[in-house]
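The values are calculated or read from the model by the stated rules, or taken from the named source; none is laboratory data. Note that this is a predicted model, so its numbers are computed, not measured. Methodologically, a virtual Cβ is constructed for each residue, glycine included, from the backbone with ideal geometry; neighbour enumeration extends over all protein chains shown. Areas reflect the complete protein model, heavy atoms only, side chains present, ligands, DNA and RNA absent. Shrake-Rupley method; radii C 1.70, N 1.55, O 1.52, S 1.80 Å.
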Amino acid sequence: MPEMLYGQVPGLDKPVSRIAQGLMMVSLGKLDYSFELLDAAWEAGITTFDSAHVYSGGDADRVLGRWVAKRGLREKVVHLTKGAHPNADRPRVTPYDITADLHDALARSGFDYVDLYVLHRDNPAVEVGPIVETLNEHLSAGRIRAFGASNWTHTRIAEANAYATEHGLAGFALSSPNFSLAEMVESPWADCLTISGPAHADARRWYAQQAMPLFTWSSLARGFFSGRFDRAALEARPADDSDIPVRCFRSPANLDRLDRTWALGKEKGLTVPQIATAWVLNYPLNIFALIGAFTPEEIQANTAVLDLKLTDKEMAWLESGTPR
């Protein structure tokens, strides 16, 4: 197996694995399974774990905290957790909710601090000033090491960081948008943000200029590149609001990309998800890919492509079909 690759996030004095394991599937009710999965991730070199206030009713943070305490790994593990997700009644990007969700994460995990605290959604109706000031209060108090945004536009992050600079404060150190070989044609949930495809080239250019760490979610386009489907299977599936690969990613351009991913995988002796993951990891941005492996075998399959270098022509051919 290739060795894990690591990077850095400004403000955090720890190596951050280029592949991060998501924790939506763990729970206290499946503790043996959850520990086995986390052990497998750790053995593969994954040090970074992605949770959120809304994952598994809070069990994502609880399970991670118990596992870290049992293994004695707190100063080696990077805990990324997200807060300020809207509920059924209202948006929750407010100083109160940011603070409440952070304190809940600390209580659930048993940690003294969160390595990377990320706002799960944005509310453009709220001015950036109070958001930045609230996050800096927690940074100064030692409750977080760095903070960022998930599903925020790059222009809104730029506005927040300009405010931070003007007022002598720390700004957003990272962003977590969707990014994959497939273009998102419909959002899977309200207010999800993607930087995939030609329509979002400006965002990718800005992130490249900033060299900002990107914790990109859904490299496999919510199962579109899972390897369970080829073009014929996806074309045959009826439209269904609950079928995210169909509703959010089935388009002529994406089906062509899927065909090319199958073809290149056969050439290289790799699976469709491995090629799709390698495309994301090879993209010329400061990317840390969030994965949602459910088994140790899936973890091994993801990390197996860490040293796979796709050529520029292969990258372009997968995306747009240009000759290689």
* **Residues of segment 27-74 that turn out to be under 25 Å from LEU214 (Cα atoms) and in a loop (DSSP other than H, G, I, E, B), as a count** => 8
* Asked: Taking interchain pairs and intrachain pairs at least six residues apart, which have beta carbon atoms under 7 angstrom, with the first residue in segment 189-206 and farther than 22 Å from ASN123 by Cα and the second charged (D, E, K, R) and crowded, with 17+ Cβ neighbours inside 10 Å?
  -> GLY197/GLU183
* Structure fact -> Within segment 237-276, restricting to residues that are of a type in the set (Lys, Arg) and open to solvent by less than 60 Å² (accessible area, probe 1.4 Å), the one that is farthest from ARG205 (Cα to Cα) is ARG247
* To do: Scan segment 232-271 for residues that are assigned to a loop (DSSP other than H, G, I, E, B) and free of Cβ contacts under 8 Å to residues at least 60 places away in the same chain and jot them down.
  => ARG237, PRO238, ALA239, ASP240, ASP241, SER242, ASP243, GLY269, LEU270, THR271
* To do: Could you give me the residue pairs with C-beta distances under 7 Å whose first residue belongs to segment 1-20 and is open to solvent by 80 Å² or more (accessible area, probe 1.4 Å), whose second residue is not in a loop (DSSP other than H, G, I, E, B) wherever it lies, and which are 6+ apart or on separate chains?
  => MET1/GLN300; MET1/THR303; TYR6/VAL16; TYR6/SER17; GLN8/VAL16; PRO10/ALA146
* Structure fact -> In segment 272-324, residues that are farther than 14 Å from SER180 by Cβ, of a type in the set (Gly, Ala, Ser) and free of Cβ contacts under 8 Å to residues at least 60 places away in the same chain total 3
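Matching residues to (1) in contact with a helix residue (DSSP H, G or I) (Cβ under 6 Å, 6 or more places away or on another chain); (2) open to solvent by 10 Å² or more (accessible area, probe 1.4 Å):
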residue	(1), (2)
GLU186	yes, yes
CYS192	no, yes
GLY197	no, no
MET212	no, yes
ALA232	no, yes
GLU235	no, yes
ALA278	no, no
* Condition check for ALA160: at pLDDT 95 or above and open to solvent by less than 40 Å² (accessible area, probe 1.4 Å) -> yes
* Asked: If you take the residues of segment 40-55 that are touching a Lys or Arg at 6+ places or on another chain (Cβ under 9 Å) and without any contact (Cβ under 8 Å) to a residue 60 or more places away in the chain, which of them is least open to solvent (accessible area, probe 1.4 Å)?
  -> SER51
* To do: Inspect segment 283-297 for any residue being among the polar types (S, T, N, Q), assigned to a helix (DSSP H, G or I) and at pLDDT 95 or above and give the result as yes or no.
  => no
* **Sole exception among (1) farther than 30 Å from ALA278 by Cβ; (2) modelled with pLDDT under 95 for MET1, by number** => (1)
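Table: residues versus (1) open to solvent by 10 Å² or more (accessible area, probe 1.4 Å); (2) closer than 22 Å to PRO213 by Cα.
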| site | (1), (2) |
| --- | --- |
| HIS79 | no, yes |
| PRO91 | yes, no |
| ALA100 | yes, no |
| PHE111 | yes, no |
| ARG121 | yes, yes |
| GLU133 | yes, yes |
| GLY142 | yes, yes |
| PHE147 | no, yes |
| ALA164 | no, yes |
* Asked: Is it fair to say THR311 is closer than 21 Å to MET25 by Cβ and either open to solvent by 40 Å² or more (accessible area, probe 1.4 Å) or touching a strand residue (DSSP E or B) at 6+ places or on another chain (Cβ under 9 Å) (or both)?
  -> no
* Identify, from the list ALA141, ALA160, ALA125, the residue that is in contact with a helix residue (DSSP H, G or I) (Cβ under 8 Å, 6 or more places away or on another chain) and at negative phi. => ALA160
